[in-house]
Amino acid sequence: MGMDLNYILMEGNLMINSPEAARHGGIYQCIATNSIGTVISREAKVQFAYLENFSSKPRSAVSVREGQAVVLLCGPPPHSGDIKYSWVFNGRPDFLQQGTRRFVSQKTGNLYIAKVEPSDVGNYTCVVRSAMTNTTAFSSPTPVVLRRDAVMGEYEPKIEVQFAETNHVAKGSSVKLECFALGNPVPVITWRRADGNPFPGKIKINNSNDVENLHWTQTLKDAYMSIEADLLWECRASGKPSPSYRWLKNGKPLNLDDRIQVEGGRLTISKLTLMDSGMYQCLAENDHGVIYASAELKVVASPPDFSKRPVKKSTLVQRGGEVVIECRPHASPRASFSWRKSGDFLKNSTRQTILEDGSLRITNVSKSDGGRYTCVARNPFGISSSTGSLVVKEPTKIIVPPLNMDGTVGESIVLPCEVSKDPSLDPTFKWFFNGKLIDFNRQDHFEMIGGGPAGDLMVRNIQLKHAGKYVCMVHTMVDSVSAGADLIVRGPPGAPEGLVVEEITDTTARLSWGAGSDNRSPVTMYTVQARTPFSIGWQAVRTVPDSVPGQMLHATVVDLNPWVDYEFRVVAINSVGLGEPSLPSKQLRTKAAVPEVAPVNVSGGGGSRCELVIMWEPVPEELQNGEGFGYVVAFRPFGTKTWIQTVVASADASTYIFKNESIPPLSPFEVKVGIFNNIGEGPFSHVTTVYSAEEEPSVAPSLIWARTLSASEIGVYWEPVSLKSSAGRVLGYEVLYWEEGESESDAERLRVAETMTNITGLKGSTSYFVAVKARNSAGTGPPSAPVNVTTKKPPPSQPPGNIEWNLTNSKIFLNWEHVKAMDNESEVIGYKVVYRENWHRRTSVLETNRTSVELELPPGEDYFIEIKVLSDGGDGSSSGPIRIPKMSSLNSKGFFNSDVSKIPAACAVMFVITVRWIL
């Protein structure tokens, strides 16, 4: 770089101030040197590049027929430096894929489509990227549209991408020749030499623009080696074309000899010397570049040194056990070793052995082996030693091991584990279940109990999943011991398997099944359960045999109902309990049969004149035994012998009415009801007596009298109908009432048993007509002559207002303003005071004809009070609830007005209570 002031070296970085393309462009390399050696960096090329934007002018559409070829021009913007061309189709995020039909020239940037297909229609954008500045420019879209006038036929290939007649290239460099052809069908491109000679091996034909980058697959690591040792380094790189390798030492080509050999990326140096130390680099290169891998080789020669890895100061071992005391000093070259105990050198024996790495192994350790041991290491550069102690402890033994046990689901058991140990050692207990360590913090069923030399395991509320192998493991600083036991858990049986209904009749089903798991307790018996659309869940059913023994895997279910859909399941039982049920069988229907259950609760009576009404309780569907179910109703006059029968062909029927004008009222009949279905007839019910309908009363009530009670209520009174005067019994009366001007057919009706009633819910100041009929089970008789009555005026609509109250101890004094009725309202005759304690529904009522009242109430509770107007028309509007707060011995006053319009605007609320406390 000489004296060029534009270059500045800062902490190893090269800075170029105000660079000039002509002066400062070129290839640079960094050279790093220290006392160990020198390395050089990969080459860095400095090139001054730029890339401007495309013109924003829209591009014209390209119209092409299907099957025709097309070339879309890129026309790159002004630029300097290497650029790469790509195309984007319809704005998609990924670049257009190339192949045998499409090609992007990296010389011109043009896009070649050998044969256009309908899927090629769309917008194409040329993308130019500068490799130097890492900037990208996008052209305006070029639309490609398909012409519909014709389809292009087949035509000969035409080579569109041309290269210069002569290409001048430097020796050792690479050259790329592009070729692409248009045509229909799409041409196949091959290459040949014009002179007829074959291609050399370094020529490669690539059908796409993709080039695989050069990168390391195996690199180097620093090596710290002893003198006279052997070194093997290997580096491998991947790339197309395959790379070649070179090796450098301290930035210069590596000198090879008999001791230093290179084979591709493999370097071997035998019998290292101190002069071999330095920085080594492996270079991999191909036509596309070069990559570097660096590592340091440090060859050391030193006497044995225990400073970083001395012999362990104290090593614990159990009596009768085995121990290895390590001796691992740093030494170059490798040291030879010997051991001393109490000043005497040790010799290899059956129990004491010096291993190849210098460690001392002692087997079948005894108490006498305890003491101080010294490892002595030697090499050509010196001698060194390190000393440590061997401490012999008594071995740990499990004296109460866990024992194999049987348990039943729901029980709790304890697996013991007690040890004898060296007094100076504290044991740690761990339990394993089926090979996995038990986490007592996350297992509700497991608990470690005991302490000191015992670590027993309690398993609470045993389940089937707890069966298996349990191992107690005891650790000390010296040794580990373990003992295991098997826990067998007996539980209720598993579900029987493969339930099959082998045969089904009208009342029986033959079942067979396979045995499930007995969970280590033999099955003693099986029970069968059934479910129908009419049952509530699963019900036990009778079988043959009554009790199915555990070794029997079949049974016959009996006493089933014909023509019913059944599902069956089987449950196994052992000494532990009831097991899980099997999966249900398929739903199957029993065969049809003659019905066997007669109707019950046969009765009747009532109805209209000359009718015999017969009723019964319908037979449930599950007892009908088949299709076509119906009833046979039989009856005969009392004292006769011939039955009259009729068929009711409906399974849901519950009533039959026989009508004949010759039937006298209240005549006794003997009645029975039978059943049938498509298979045949079933039994009849028991015979019962039913009376025919009675006759309606023939006489109307007399002396009807009505009086008004209020604006909404009238009272009606009449004389009873005598039994002698009426052809039919009188069981009660029906009162009819309607407004004047309406028709009697629209009347409201009220049934009563007495000869008086009150009619409520009427309109005030309204005229009503009232008539009365006698009634019995056959119907109603003729109506009486109607009477007229008018309700009173409505009560006053204005509630009592300006209510004041005064509380003194347990007395409440109330005053209010007199209410004046309007012309269309009933006159005020008094007031009704209604009061109750808070949270109580029971109320007390006090009536008065004054506008004040005094109430004596127990103290200590809130009270709610309201005042209503009394009139001939009934109760008027209420003042609304007034709350009197609870007080013990305090005095208070208050004011309440339900009419907000009378309250000053500044105090206008829904209601106002003003309280003044008097102490």
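The values are calculated or read from the model by the stated rules, or taken from the named source; none is laboratory data. Every value quoted in this text rests on a predicted model; they were computed, and no experiment measured them. In this analysis, Cβ positions are derived from the backbone assuming ideal geometry, glycine residues included, and neighbour counts consider all displayed protein chains. Note: areas computed on protein heavy atoms with side chains; ligands, DNA, RNA excluded. Shrake-Rupley method; radii C 1.70, N 1.55, O 1.52, S 1.80 Å.
Working note: Karplus 6.51/-1.76/1.60 with θ = phi - 60° gives segment 658-665 the couplings 9, 10, 7, 5, 8, 6, x, x Hz, where Gly and Pro are set to x.
In plain terms, the chain from Val597 to Val752 could stretch by 51.7 nm, reckoned as 0.36 nm per residue minus the Cα-Cα distance.
Going through (1) 153, 99, 95; (2) 96, 79, 72; (3) 122, 69, 50, the figure that equals Cα extents along the principal axes in Å as computed for the structure here is (1).
Under 5 Å from the amide H of Ser517 lie the amide H atoms of Gly494, Ala495, each residue being 5 or more positions distant or on a separate chain, with H modelled from the backbone and absent for Pro and chain starts. For segment 212-237 versus segment 19-84, the inter-centroid distance based on Cα atoms is 34 Å. Computed from the C-beta positions of Asn660 and Phe638 and an R0 of 25 Å, the FRET efficiency is 0.95 to the nearest 0.05. In the context of the full set of protein chains, the chain has a per residue accessible area of 56 Å² (1.4 Å probe).
Here the relative contact order of segment 509-589, from alpha carbon pairs under 8 Å that lie six or more residues apart, stands at 34 percent. The GluC sites (Glu not before Pro) found in segment 723-778 that occupy coil by DSSP, while having at most 13 further C-beta atoms within 10 Å, are Glu740, Glu742, Glu754.
A straight chain from Glu827 to His215 at 0.36 nm per residue would run longer than the Cα-Cα distance by 209.0 nm. If you count the DSSP beta bridges with both ends in segment 289-435, what percent of them are antiparallel, to the nearest 5? Just about 85 percent of them are antiparallel.
Summarising the amide proton neighbourhood of Ser710: residues at separation of 5 or more, or on other chains, whose placed amide H is nearer than 5 Å comprise Lys792.
Summing Lys and Arg as +1 and Asp and Glu as -1 over all other residues whose Cβ lies under 14 Å from the Cβ of Leu51 gives a net charge of 0. Where the accessible area of the chain is counted over protein heavy atoms with a 1.4 Å probe, how much of it, in %, is carbon and sulfur? On the chain, the fraction of accessible area on carbon and sulfur atoms equals 51 percent.
On a 31 Å Cα-Cα criterion, which of the cross-link pairs Lys312/Lys421; Lys763/Lys811; Lys57/Lys84; Lys57/Lys107; Lys84/Lys158 come out too long? Distance filter (> 31 Å) returns Lys763/Lys811. Note on Thr524 and Val46: the model spin-label points, each 7 Å out from Cα along the C-beta direction, lie 10.1 nm apart.
The label point for Ala194 and the one for Ser140, both projected 7 Å from the Cα toward the Cβ, are 4.1 nm apart. How big is the gap, in Å, between the Cα center of segment 766-790 and the Cα center of segment 441-495? Result: 91 Å between the Cα centres. Across the chain, C-alpha contacts under 8 Å between residues 6 or more apart give a mean separation that, scaled by the residue count, equals a relative contact order of 5 percent.
Rounded to the nearest Hz, the phi-derived 3J(HN,Hα) couplings of segment 87-92 under the Karplus curve 6.51 cos²θ - 1.76 cosθ + 1.60 (θ = phi - 60°) are 10, 10, 10, 6, x, 5, where x marks glycine and proline.
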